[in-house]
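Asks: What follows is a structure written as structure tokens; I'll ask about it next.
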Amino acid sequence: MAVKITFYLSLGSPTLSIDDAIPARKLLQSWNQTVYPHKPTSILIISAHRETAVPTVNSISCRHDTIYDFYGFPKSMYQLKYPASGSPHLANRVMQLLTSSGFGPADVDSKRGINHGAWVPLLVPVCQLSIQTERDAAYHYNMDRALAPLKDEGVLIVGSGSATHNLRALERETRGSRTLFSKEGTRM
């Protein structure tokens with residue numbers, strides 16, 4: 001079944017995976033009943049927590065390692081395991097689409113597991129694609145267009161990150177002080 005939509009999930013704090021007080025946690029737990037009831041053939045997650053100079057997709061045929069690319073969180077965060085199955089077929093298809101659309105050279109990483117930009121919001125990803133922080137929005141928009149045929153193949157595409165990513169402000173907020181941000185993200 002073709003997938004008609006693409007999602008972006010703002011994951012916020014990695015504690016989303018353990019803190020029942022975070023409203024988004026309940027939404028994600030009921031995702032397949034309330035938001036997207038269809039089972040995709042596979043999932044491609046594009047994570048802001050995976051940055052590379054060229055597009056890099058992980059291609060692991062067994063179970064992914066769980067990567068803890070954060071610090072200073074409760075011990076229970078570092079005990080979570082999500083050994084998602086890999087999808088070499090999807091990784092190869094992503095590489096084919098990117099290369100034929102002029103996004104080469106691109107790389108395949110057959111060793112790296114999935115970071116919290118993938119396993120915290122979904123707990124179901126099978127393939128992760130990096131972003132290129134040195135490139136502009138038009139580049140990434142065109143990359144999205146290059147990957148669009150995946151939706152006709154039943155692949156659910158999910159972008160993951162955060163509209164603002166300031167863990168220091170999050171830490172201050174949990175201690176009772178707030179940092180205000182303008183639309184441009186500058187401190188006020």
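The values are calculated or read from the model by the stated rules, or taken from the named source; none is laboratory data. The model shown is predicted, which means the values in this text are computed figures rather than measured ones. Quick reminder, even Gly has a Cβ in these numbers, built from the backbone with ideal geometry, and neighbours come from all protein chains shown.
To keep it simple, each residue is scored yes or no on (1) surrounded by 15 or more Cβ atoms within 10 Å (Cβ to Cβ); (2) closer than 18 Å to CYS127 by Cβ; (3) modelled with pLDDT of 70 or more.
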residue: TYR8; (1), (2), (3): no, yes, yes
residue: GLY12; (1), (2), (3): yes, no, no
residue: LEU16; (1), (2), (3): yes, no, yes
residue: ASN32; (1), (2), (3): no, no, yes
residue: SER47; (1), (2), (3): yes, yes, yes
residue: VAL54; (1), (2), (3): no, yes, yes
residue: LEU80; (1), (2), (3): yes, no, yes
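So that you can scan it fast, the table gives a plain yes or no per residue for (1) under 14 Å from the mean Cα position of the chain (by Cα); (2) at pLDDT below 90; (3) assigned to a strand (DSSP E or B):
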{"site": "PRO83", "(1), (2), (3)": "no, yes, no"}
{"site": "HIS89", "(1), (2), (3)": "no, yes, no"}
{"site": "LEU98", "(1), (2), (3)": "no, no, no"}
{"site": "PHE103", "(1), (2), (3)": "no, yes, no"}
{"site": "VAL108", "(1), (2), (3)": "no, yes, yes"}
{"site": "ARG145", "(1), (2), (3)": "no, no, no"}
{"site": "THR164", "(1), (2), (3)": "no, yes, no"}
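Asks: Assuming THR41 fulfils every condition listed in (1) farther than 18 Å from LEU156 by Cβ; (2) at pLDDT 75 or above apart from one, which condition is it?
Replies: All conditions are met except number (1).
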